[in-house]
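Heads up: the structure comes next, in structure tokens.
The values are calculated or read from the model by the stated rules, or taken from the named source; none is laboratory data. Everything quoted here is computed from the prediction, not taken from an experiment. Cβ atoms come from the backbone with ideal geometry, glycine included; neighbour counts cover every protein chain shown.
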Amino acid sequence: MKVTVRADPTGSGRMERSELDVAEPATVGSILTAAGLEIAADTGGRRLVVTVNGRRIDRSAWDHHLLKDGDTIAVFSGLAGG
């Protein structure tokens, strides 16, 4: 299965894109680990925003949200403000 990961977990403004071939079943959490983002994910996820095909996935669902072939995961640094 192929998935795309677009990531800017540090908030630098530069999105890096990776195409990954992964075995099924795959979850958001397993893809973050495969993409080398497990350190960021292990911070508790409080500052990361993760979307799959444009839909936000709560941190509590990362290890349960199953992915499909062709999905795109985006990882951003969360911003606070008002």
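Data overview
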| read-out | value |
| --- | --- |
| Enumerated strands (runs of 3 or more DSSP E) restricted to the chain, each holding at least 2 residues that are of a type in the set (D, E), surrounded by fewer than 16 Cβ atoms within 10 Å (Cβ to Cβ) and modelled with pLDDT under 90 | 16-21 |
| Matching residues, segment 9-29, being within 14 Å of T72 (Cα to Cα) and either under 13 Å from the mean Cα position of the chain (by Cα) or among the charged types (D, E, K, R) (or both) | M15, E16, R17, S18, E19, L20, D21, A26, T27, V28, G29 |
